[in-house]
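The values are calculated or read from the model by the stated rules, or taken from the named source; none is laboratory data. Only a predicted model underlies this, so the values are computations on that prediction, with no experimental measurement involved. Reconstructed Cβ throughout: ideal geometry from the backbone, glycine too, with neighbour counts over all protein chains shown. Surface accessibility is based on the protein's heavy atoms, side chains included, excluding ligands, DNA and RNA. Shrake-Rupley method; radii C 1.70, N 1.55, O 1.52, S 1.80 Å.
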Amino acid sequence: MDNFWILFLVFTVYSFLGWLTESIFCSVPVGKFVNRGFLNGPFCPIYGVGGVVVVSALTPFKDNLVVLYLAGVVITTLLEYGTGFALEKIFHTKYWDYSTHRYHFQGRICLENSLLFGVMCVVGILLIHPTLLDLLESVPETVLPWAAGIFVLYFVCDTTLSVYTTFKLNGKLDEMQQVLDEIRERAAAFKADKIETMQSALACLIDEETRAAYQKALSELYEKKDKIEADIKCLQCRIISAFPTMKSMRSNESLQRMKEIIREKTKNIRRG
């Protein structure tokens, strides 16, 4: 694969096949279509990168199934771990979590998936890649740059939009978490103040002015919370729905509330 354009189209095809596999795997158990992946379109770049790395590194070992399989397990496992780690550091979010699996490491990788990735590597190198390479090499050289260029433009646009959407979502989750924490603090202060006042000799109830101030503050906070919840954008809903086990490192309570809101909206749409 000396031709850069062919290499990029190989990346594109494996990104699509990875997205297709992930989407089917996640859609069947829940009985509805799940658009998996960080990007909005039908591509998972991690599979594209993995596909290019695997076929480049392991094609020389295609005649040794044991080495091919084990090396495929190791490479894809390292890639998944590294990707999960990087996403957590950049976006402060854990997009997948294998903590419920029996054999896992830090929730980022698990034995079950690693063994499955090894099988996919063997199938890819022995069956899919030769056919794909023959197909791409049959495309006229004058067409390759245009075809690849279209996908380059797509990936740049979709990645930019997805990153922007994710940062906006994180900002909304942080804002929601701040509101939830303040509501909790206000409620606790109200309760403590009420108890303290009841124990005093001056009155058994909070004076009307104090009560009104607390109620107004709480009312404003709940209004702010409702406004944030009602302002969930379509692309933000998509990225939350794409990763059912997603956890926020900073605002996980607000993320779980967002998930519940999306589930309720989906139920209402189906009923309607």
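Below, the figures for the structure above:
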quantity: Once the Cα gyration tensor of the chain is diagonalised, semi-axes √(5λ) in Å; calculated: 50, 21, 15
quantity: 14 Å beta-carbon shell around residue 73, net charge (K/R +1, D/E -1); calculated: -2
quantity: Convex hull per residue volume in Å³, alpha carbons only, for the stretch 1-153; calculated: 129
quantity: Positive minus negative residues near residue 246 (Lys, Arg vs Asp, Glu; Cβ under 9 Å); calculated: +2
quantity: The stretch 118-195: Cα Rg divided by the 2.2 N^0.38 Å rule of thumb; calculated: 2.30
quantity: Surface accessible to a 1.4 Å probe, per residue, for the residues of the stretch 1-119, Å²; calculated: 52
quantity: Relative contact order of the chain, defined on C-alpha pairs under 8 angstrom at six or more residues apart (%); calculated: 22
